[in-house]
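**Q** One structure coming up, written as structure tokens, with questions to follow.
The values are calculated or read from the model by the stated rules, or taken from the named source; none is laboratory data. It should be emphasised that the depicted structure is a prediction, and the values quoted were computed from it without experimental measurement. A quick note on method: Cβ atoms are made from the backbone with ideal geometry, for glycine too, and the neighbour counts reach across all protein chains shown. These area figures cover heavy atoms from the full protein model, side chains too; ligands, DNA and RNA do not enter into them. Shrake-Rupley method; radii C 1.70, N 1.55, O 1.52, S 1.80 Å.
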Amino acid sequence: MVCRVEWLMPSSLPLLGRLMLFDLDPDLLPLFQYNCKQFASPQECLSAPEFLDHIRKVMLVIDAAVSHLENLSCLEEYLCNLGKKHRAVGVKVESFSTVGESLLYMLEKCLGAAFSPEVQEAWSKLYNAVVKAMQRGWETLPEGD
């Protein structure tokens, strides 16, 4: 329940100013290519309409997880397929840790003092459950696919 209450606040705030994904792992930048365009800098990527759309999609996944806190298993098939898609485009499983760290950082900055250890733990558990479901889909793909 903690996640549901806290999610209402940051979902309406501008998120990109609080995103530190490329600060944590600059090697992620080449994964974000749209229409075969390679971004020269993280700032260029962060301001690209296609990247903004990708962030909205990530937030929709998190929103679905928050909305189904009591029954995350109903998202299993969707999250497994999402894992398969990420693997197919070259994302490494380890990158999800970086995304999770960036999410926690964003939440901390958005929530300020309301980002208590209890809130951090609840969000970590929720994000880890989402990643585990995505990994199950990841692991169903044979090597080389």
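**Q** Taking interchain pairs and intrachain pairs at least six residues apart, which have beta carbon atoms under 8 angstrom, with the first residue in the stretch 108-120 and under 16 Å from Met20 (Cβ atoms) and the second open to solvent by 80 Å² or more (accessible area, probe 1.4 Å) and outside any helix (DSSP H, G or I)?
**A** From residues that are under 16 Å from Met20 (Cβ atoms), the pairs are Cys110/Met9; Leu111/Met9.
**Q** Here's something else I'd like to know. Does Glu101 fit the bill of being exposed (fewer than 14 other Cβ atoms within 10 Å of the Cβ) and out of contact with any strand residue (DSSP E or B) (no Cβ under 9 Å at 6 or more places or on another chain)? Talk me through it step by step, then tell me what you get.
**A** Numbers: exposed (fewer than 14 other Cβ atoms within 10 Å of the Cβ): no; out of contact with any strand residue (DSSP E or B) (no Cβ under 9 Å at 6 or more places or on another chain): yes.
So Glu101 fails the test.
**Q** Right, another one. For the stretch 106-138, give me the residue count where each residue is out of contact with any helix residue (DSSP H, G or I) (no Cβ under 8 Å at 6 or more places or on another chain), at pLDDT below 90 and charged (D, E, K, R).
**A** So the answer is 0.
**Q** Determine which member of the set Leu28, Leu126 is touching a Ser or Thr at 6+ places or on another chain (Cβ under 7 Å), of a type outside the set (Val, Ile, Thr) and touching a residue at least 60 places away in the same chain (Cβ under 8 Å).
**A** Numbers: Leu126 fails: touching a Ser or Thr at 6+ places or on another chain (Cβ under 7 Å).
The unique qualifying residue is Leu28.
**Q** Over 16 Å from Leu126 (Cα atoms) and without any contact (Cβ under 8 Å) to a residue 40 or more places away in the chain: does that describe His54?
**A** Details: over 16 Å from Leu126 (Cα atoms): yes; without any contact (Cβ under 8 Å) to a residue 40 or more places away in the chain: yes.
So His54 fits the description; yes.
**Q** Any idea which of (1) within 16 Å of the chain's Cα centre (by Cα); (2) open to solvent by 30 Å² or more (accessible area, probe 1.4 Å) is the one Asn71 doesn't satisfy?
**A** So Asn71 meets the others, but not (1).
**Q** So, one more: Output the residues belonging to the stretch 76-97 that are of a type outside the set (Lys, Arg), open to solvent by 20 Å² or more (accessible area, probe 1.4 Å) and part of a helix (DSSP H, G or I).
**A** Those that are of a type outside the set (Lys, Arg), open to solvent by 20 Å² or more (accessible area, probe 1.4 Å) and part of a helix (DSSP H, G or I): Glu76, Glu77, Tyr78, Cys80, Asn81, Leu82, His86, Ala88, Ser97.
**Q** Can you report the number of residues in the stretch 25-49 which are in a helix (DSSP H, G or I) and more than 24 Å from Ser97 (Cβ to Cβ)?
**A** The initial filter retains those residues of the stretch 25-49 that are in a helix (DSSP H, G or I), namely 26-31, 42-47, 49.
Next, from what is left, pick out any that are more than 24 Å from Ser97 (Cβ to Cβ): 44, 47, 49.
Here the count works out to 3.
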